[in-house]
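In what follows, a structure is listed as structure tokens, so that the remarks can point back to it.
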């Protein structure tokens, strides 16, 4: 579900990027010796994350170029393997689902270890950040207030209210374990009805804002959460798996100083912070590079 959801998000968020040194992001030339190439896939959050990690490397005196808007994971993974890209911000659970669709996801550390066993031998994962962009059950402000639910509430807290609520999402959300089936079996949630819309996209967002639906599958770093004051419910049983932001690295292209710089960024980046930064880029239309630089300065990482 997470892999499919992120692909859908990529299509919806494509087109926002900062200054890029590559005219052809699909070119396959190997990185120049001594230069770290930081890549991103073709959606706004990936571009922002690439700029954050890349500028953190620059702050340590490492020469960096960017290869933004590469495209699908199939393409970016290939460029990582052949050395054209050195660093790529990834989502650990989504990467595992790509490498091994049948793999279980029990914890972020377990996911990372499973990814490492499946990765090409030239690649590795660094430390994961607490920041996640994954599926969630999210309420509009009116519904959250009515049932006294907050950002500290869990999906289990929705059990009494669920029979009164219409929930929306992609058609697949109705039949998948990481959807209504799991919400029922794991949390005992049974909703009034389901409305088929899109995978956390504009149809779902608009319906939730207008109260056509009261709950929805929304990605946890979607800036609409900030704009509309939506309330994301916690998922303590990890029904929706894991999607921690995690740098994927070509081992031969990054020294220990670079590894330490990226790990320091990941240690400071959480979901709340990433949501705010995404909102600056996607709602306020700020340049991702400027947003990245400002945050690194505020976090003492520049």
Surrounded by fewer than 16 Cβ atoms within 10 Å (Cβ to Cβ) and touching a strand residue (DSSP E or B) at 6+ places or on another chain (Cβ under 8 Å), is that true of residue 196?
-> yes
Among the residues of the stretch 262-274, which ones are part of a helix (DSSP H, G or I) and surrounded by 21 or more Cβ atoms within 10 Å (Cβ to Cβ)?
-> 262, 265, 266, 274
Quick one: which residue in 138, 47, 86, 117 is at negative phi, surrounded by 16 or more Cβ atoms within 10 Å (Cβ to Cβ) and out of contact with any strand residue (DSSP E or B) (no Cβ under 6 Å at 6 or more places or on another chain)?
-> 47
Test: residue in the stretch 185-201 that is under 18 Å from the mean Cα position of the chain (by Cα), modelled with pLDDT of 95 or more and closer than 30 Å to residue 115 by Cα = no
Assess whether residue 47 counts as being part of a helix (DSSP H, G or I) and out of contact with any helix residue (DSSP H, G or I) (no Cβ under 9 Å at 6 or more places or on another chain).
-> no
Residues in the stretch 120-140: is at least one over 30 Å from residue 247 (Cβ atoms) and over 24 Å from the mean Cα position of the chain (by Cα)?
-> no
For residue 54, state whether it is under 21 Å from residue 302 (Cα atoms), modelled with pLDDT of 95 or more and assigned to a loop (DSSP other than H, G, I, E, B).
-> no
Residue count, the stretch 153-166 (criterion: surrounded by fewer than 19 Cβ atoms within 10 Å (Cβ to Cβ), without any contact (Cβ under 8 Å) to a residue 60 or more places away in the chain and part of a helix (DSSP H, G or I)) | 2
Qualifying helices (runs of 4 or more DSSP H) (wholly inside the stretch 167-239; at least 2 residues being in contact (Cβ under 8 Å) with a residue 60 or more places away in the chain and within 13 Å of residue 139 (Cβ to Cβ)) = 202-209, 224-228
Of the numbered conditions (1) in contact (Cβ under 8 Å) with a residue 12 or more places away in the chain; (2) out of contact with any helix residue (DSSP H, G or I) (no Cβ under 6 Å at 6 or more places or on another chain), residue 40 satisfies every one except a single condition; which is it?
-> (2)
Taking the stated definitions as given, is residue 256 within 30 Å of residue 53 (Cβ to Cβ) and without any contact (Cβ under 8 Å) to a residue 12 or more places away in the chain?
-> yes
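The values are calculated or read from the model by the stated rules, or taken from the named source; none is laboratory data. All values reported here derive from a predicted model rather than from experimental measurement. Neighbour counts are summed over all protein chains in view; Cβ atoms, including those assigned to glycine, are modelled from backbone coordinates with ideal geometry.
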